[in-house]
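Everything on this sheet refers to the single structure shown next.
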Amino acid sequence: LNESYRLYFVTGGLVMLPMYGPVAQTKLSYSNSEDVEEYREILTEKAEHLLEDIERWHLYSRDKTKHVEVSKPQPEQ
């Protein structure tokens with residue numbers, strides 16, 4: 001089961017990534033003006049880590065599935 005989650009993480013992360021911007025923007029718009037810069041740094045750091053994790057698990061799943069044979073449909077005769 002853990003292996004399935006590792007292979008799925010790339011797809012899940014890429015699906016989730018476009019939602020990150022609006023959520024971060026909403027958080028910053030409801031924050032005090034003196035806290036905005038601190039929150040912006042935290043959100044940027046989290047986005048960077050998410051992208052690093054997506055890259056890490058993409059490379060992992062690519063290496064895992066590199067030698068897997070995929071059966072191709074046989075042509076009809």
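The values are calculated or read from the model by the stated rules, or taken from the named source; none is laboratory data. Remember, predicted model here, so these are calculated numbers, not experimental data. Virtual Cβ from ideal backbone geometry, glycine too; neighbours counted across all protein chains shown.
Return yes when Thr65 is exposed (fewer than 11 other Cβ atoms within 10 Å of the Cβ), in contact (Cβ under 8 Å) with a residue 40 or more places away in the chain and not hydrophobic (A, V, I, L, M, F, W, C) and no when it is not.
Judged against the criteria, Thr65 is a match.
Within segment 45-62, track down each residue that is surrounded by 12 or more Cβ atoms within 10 Å (Cβ to Cβ) and farther than 23 Å from Leu28 by Cα.
Passing the criteria: Asp53, Ile54, Glu55, Arg56, Trp57, His58, Tyr60, Ser61.
Specify the residue that is nearest to Tyr60 (Cα to Cα); the eligible residues are those in segment 8-44 that are exposed (fewer than 11 other Cβ atoms within 10 Å of the Cβ) and among the hydroxyl-bearing types (Ser, Thr, Tyr).
Among them, the one singled out is Thr26.
Of these, Leu14, Leu43, which one is of a type in the set (A, V, I, L, M), touching a helix residue (DSSP H, G or I) at 6+ places or on another chain (Cβ under 8 Å), part of a helix (DSSP H, G or I) and modelled with pLDDT of 90 or more?
Selected residue: Leu43, the only one of Leu14, Leu43 that is of a type in the set (A, V, I, L, M), touching a helix residue (DSSP H, G or I) at 6+ places or on another chain (Cβ under 8 Å), part of a helix (DSSP H, G or I) and modelled with pLDDT of 90 or more.
Select, from Tyr39, Tyr30, Tyr8, Tyr20, the only residue that is within 27 Å of Val68 (Cα to Cα) and not acidic (Asp, Glu).
On the way: Tyr39 fails: within 27 Å of Val68 (Cα to Cα); Tyr30 fails: within 27 Å of Val68 (Cα to Cα); Tyr20 fails: within 27 Å of Val68 (Cα to Cα).
Testing whether each residue is within 27 Å of Val68 (Cα to Cα) and not acidic (Asp, Glu) leaves just Tyr8.
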